[in-house]
Amino acid sequence: MAVARVLCPTLVGRDTELSRLEDSLLAALRGDGGVVIVGGEAGMGKTRLVSALAMRARRLGSVVISGGCSEAELSLPYLPFLEAIGNYLATTDIAALRERLGSAAEELAQLFPQMGRPATNTGDAAQAKLRLFESMLLLLRDAARSRAVLLILEDLQWADPATRELLDYATRRLRSTNVLIVATYRSDELHRKHALLPTIQGWRRSGQVEMVELEALDSSRVADMVCAIFDEASISDEFRDFLRERSEGNPFVLEEMLRDALDRGDIYRGATGWDRKSVVEMRIPRTVQDTILQRLERLDREHVGVLSAASAIGRSFDLETLAAVAGVDQSAVLSALEASVTAQLLEEENRTSGRYQFRHALTREAVYEDLVVPRRQQLHSRVADVLASRPDRVAVDLANHLLMAGRYDEAVAMCVAAADDAMRALAYRDAAELLERASPHVRDQVDRARMLCRAADAYWNNSESANARRLLEQGIPDLESAGLNVEAAGYRVMLGRCWWELLRSDLAEEQFQKARGVLEAAGPSEALAIAYVRLSGLASFNSDLVTSLDYATRGVATAEAAGAGLARAWSLIFMAGAELGLGQVEAGFAHLEESYQASVAGHYRFQIGNAVYNATWEAIHLGAVDKVNIWFDRLGAVGHTADEWPLYVRGLLGLARGRVVEAIDLARTSVQRSRDAGYQKMVWRATVLLAQALAENMRAEEAASALPPLSSRVDSQDGIYDTAARVRGRLALGDVAGAASDAKTMPSIS
Ligand SMILES: Nc1ncnc2c1ncn2[C@@H]1O[C@H](COP(=O)(O)OP(=O)(O)O)[C@@H](O)[C@H]1O
Ligand SMILES: [Mg+2]
């Protein structure tokens, strides 16, 4: 045969798309980085286009790193980032890097053990996750400190939830950096309920992300590809139109069709160059899957067996694993690999690694889909056995193959192990999905209920109240019917919190009270203390401060009796809140002080922040100068918070001290940072502060347009935050009557 492989040697067309990518790259070189998403059908040329960009970037001296998502149902959290950054770290002086990254290195150690000892995360789950995200971006910025970084993430349609979240976060955080992320996704996979779809729609709406869509090649581009492949000057219009129609302008399909035509002798080398049968005589299969399967049929049976085994392992595999799974010796595997490479089904990943991969995901799919289900199960079962014997085995990979093999008991255990790994990586949603995926295969009712409640907890950590609620409502009754009432009560407190987040404080109260009833009978416990804290919070929300104080006091006593330090620090804050509301100012500040000291001693980062935030806010609003000074100095002890509320507090204080311009500045930054971190509540508060500061500065029009509408208030309590801004704004506009009527909306405290 004259041509070993029918692959187009040059990049055909795509000039507009490539120059858009190059513009983004040049922008990143200038310090204006960002995210570009390349979408298109499978085979349309996304990988090819992005490799062209990578080549260009390397020539310009940029660092290029890349990683891909896995087509397996379950995958390691952050997989493409792990791959790309892992490769980068392998060529980096780790000690120097750790030095430069400071505390971010500890956060990163959760994902990259080579970075040292991981930070211990106590307190707020959402904050911990954002710190990890921020650290990842810091690492990328560090890599880009002297040259630009191009990070390529392939096949987002298969991304795990944590990867989607981190990328989404990155879209808001790469401006004014030298980092460009280019991510690809298969648009034909995005069915109506695909998890990536809302993210992509969000990117389209926000305009933060540059979107490049790869369309089908037109017939003249199809002709260009054919000419390039066969090194011919031109082809007939008839042949061109035939190929364009059959391939629908998809480059992968075109290459596969031509390959097939060559194999059948429809295209052949004649005396004067390439020749072909007439278009009507050509027998090109209807679908690209069929062209692949035709080629499979031309292979030896033994070779087909090896290739089938490979398709169960995944898109890419190493020799040793394949030999073990196929159950043949390495030389038989090698000859199968050679035949498959020649048949344009596989390719070497790179010359030295001993790894091979299917030429395209569609190639693997075609081979795999052709297997009957029992054969697939058998192969997955073998893959599982081979992987299980390895010291570096990864729970989630094993879980995948065990599930596909129908070995459910073992699969459940591996899903649980993988979920634990995901929790350690702060990939809460990944953990939740793993547990949820495993739960139907758990036989014991109590075990299953526990698993659902753990999944709910993971969703809760990810601020997904609706999902958490759904699972708790399934799990709790089963725990209770098994007599595990105390355990169930802990989850009822969580269910109450979900209802609260879902704006149903009535249903929240019902759950807290149920939990309290059960827990009180069982004696002091951390869970009971937390139930009291929640009830205290609800009462204060309903402006019933006496009841709120009562519950909080019980919370403190219970936490002390149970030796629950965090719950105690927390209850003290609620005590203080109620006392301050009731005018017991000294008692309130004393309890805030107690909470602060306990939180510092216990390293409850989040609680330290809570105490400082509440105390400064109250002190500023009460005009208690000495207290403002004490608490303001402690802002420094809070450390980094993703939503940057300390900026907001500084702005408040600036305003209180009459430093209006400074307050405007701080409020603006706080709005921006909170928006970046996705903290809507803090965005709202900081926006209100901004409006008020503008009004104080007599920039009435600006103030009026900055002020968020009343309708965006979530709690009636929010009136405490925005009424003053409204009144000042109206006064600045000269609207005294409006000011008076706004003043009346201030919530009264009974
Ligand atoms: N513009 C192009 N010019 C030449 N060959 C192309 C072009 N686009 C894609 N190809 C070839 O088509 C095949 C499929 O492309 P690929 O980039 O892997 O598709 P995708 O990543 O969109 O699934 C590859 O062999 C690739 O080299
Ligand atoms: Mg691709």
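Quick notes on this one:
- Candidates are the residues of the stretch 242-277 that are modelled with pLDDT of 90 or more and acidic (Asp, Glu); the one that is farthest from ligand 2 (Cβ to nearest atom) is GLU245.
- The residue list LEU635, LEU694 contains one member that is within 30 Å of ALA128 (Cβ to Cβ) and without any contact (Cβ under 8 Å) to a residue 40 or more places away in the chain, which is LEU635.
- Sub-8 Å Cβ pairs linking a first residue in the stretch 45-60 that is of a type in the set (A, V, I, L, M) to a second residue that is within 8 Å of ligand 1 (Cβ to nearest atom) and open to solvent by 20 Å² or more (accessible area, probe 1.4 Å), at least 6 apart or interchain, are LEU49/LEU11; LEU49/ARG14; VAL50/GLU154; ALA52/LEU11; ALA52/ARG14, ordered by first then second residue.
- Selected residue (criterion: surrounded by the fewest Cβ atoms within 10 Å (Cβ to Cβ)) from residues of the stretch 488-541 that are acidic (Asp, Glu) and under 26 Å from GLY563 (Cβ atoms): GLU520
- Residue in the stretch 690-708 that is under 34 Å from the mean Cα position of the chain (by Cα) and either modelled with pLDDT under 80 or not in a helix (DSSP H, G or I) (or both) present: yes
- Odd one out for SER674 among (1) crowded, with 22+ Cβ neighbours inside 10 Å; (2) closer than 25 Å to GLY565 by Cβ: (2)
- All conditions but one from (1) open to solvent by less than 50 Å² (accessible area, probe 1.4 Å); (2) within 30 Å of ALA411 (Cα to Cα) apply to GLN474; the one that does not is (1).
- Scanning the stretch 393-426 for residues that are in contact (Cβ under 8 Å) with a residue 12 or more places away in the chain, of a type in the set (Gly, Ala, Ser) and either surrounded by 23 or more Cβ atoms within 10 Å (Cβ to Cβ) or in a helix (DSSP H, G or I) (or both) turns up ALA395, ALA399, ALA405, ALA411, ALA417, ALA418, ALA419, ALA422.
- Flag for LEU108 being more than 16 Å from ligand 1 (Cβ to nearest atom), surrounded by fewer than 17 Cβ atoms within 10 Å (Cβ to Cβ) and in the same structural domain as THR163 (by TED's automatic domain parsing): no
- Any chance GLU73 is touching a residue at least 24 places away in the same chain (Cβ under 8 Å), within 16 Å of ligand 2 (Cβ to nearest atom) and surrounded by fewer than 22 Cβ atoms within 10 Å (Cβ to Cβ): no
- If you filter the stretch 549-605 down to residues that are among the charged types (D, E, K, R) and crowded, with 19+ Cβ neighbours inside 10 Å, you find that the one that is nearest to VAL628 (Cα to Cα) is GLU579.
- When we screen ARG429, ARG382, ARG390 for residues that are over 26 Å from ALA42 (Cα atoms) and in a loop (DSSP other than H, G, I, E, B), the only hit is ARG390.
- Hey, GLU210 surrounded by 16 or more Cβ atoms within 10 Å (Cβ to Cβ), at pLDDT 95 or above and among the acidic types (Asp, Glu) or not: no
Here is a yes/no grid of residues against (1) more than 9 Å from ligand 1 (Cβ to nearest atom); (2) open to solvent by less than 10 Å² (accessible area, probe 1.4 Å):
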{"residue": "ALA28", "(1), (2)": "yes, yes"}
{"residue": "GLY31", "(1), (2)": "yes, no"}
{"residue": "VAL36", "(1), (2)": "yes, yes"}
{"residue": "GLY45", "(1), (2)": "no, no"}
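- Just one residue in the set ASP457, ASP447 is assigned to a helix (DSSP H, G or I), on the phi < 0 side of the Ramachandran plot and open to solvent by 70 Å² or more (accessible area, probe 1.4 Å); that residue is ASP447.
- Among the residues of the stretch 677-689, those identified as assigned to a helix (DSSP H, G or I), open to solvent by 30 Å² or more (accessible area, probe 1.4 Å) and not polar (S, T, N, Q) are LYS681, ARG685.
- Residue in the stretch 350-367 that is open to solvent by less than 20 Å² (accessible area, probe 1.4 Å), in a helix (DSSP H, G or I) and away from ligand 2 (no atom under 16 Å from the Cβ) present: yes
- Residues in the stretch 33-61 that are in contact with a helix residue (DSSP H, G or I) (Cβ under 9 Å, 6 or more places away or on another chain), within 15 Å of LEU18 (Cβ to Cβ) and near ligand 2 (Cβ under 10 Å from one of its atoms): VAL38, GLY40, MET44, GLY45, ARG48, LEU49, VAL50.
- Subset of the stretch 219-245 that is of a type outside the set (A, V, I, L, M) and in contact (Cβ under 8 Å) with a residue 60 or more places away in the chain - its residue that is most open to solvent (accessible area, probe 1.4 Å): ARG221
- Residue pairs whose Cβ atoms lie under 6 Å apart, sitting 6 or more positions apart in sequence or on different chains, and linking a residue in the stretch 251-267 that is farther than 27 Å from GLU215 by Cβ to a partner that is among the hydrophobic types (A, V, I, L, M, F, W, C), are ASP266/MET282.
- Looking across the stretch 1-26 at every residue that is of a type outside the set (A, V, I, L, M, F, W, C) and near ligand 1 (Cβ under 7 Å from one of its atoms), the one that is most open to solvent (accessible area, probe 1.4 Å) is identified as THR10.
- In summary, SER543 fulfils each of the numbered conditions (1) in a helix (DSSP H, G or I); (2) in contact (Cβ under 8 Å) with a residue 60 or more places away in the chain; (3) of a type in the set (S, T, N, Q) with the single exception of condition (1).
The values are calculated or read from the model by the stated rules, or taken from the named source; none is laboratory data. For clarity, every value in this text was computed on a predicted model and none was experimentally measured. Glycine gets a Cβ as well: all are built from the backbone with ideal geometry, and neighbour counts include every protein chain shown. Areas reflect the complete protein model, heavy atoms only, side chains present, ligands, DNA and RNA absent. Shrake-Rupley method; radii C 1.70, N 1.55, O 1.52, S 1.80 Å.
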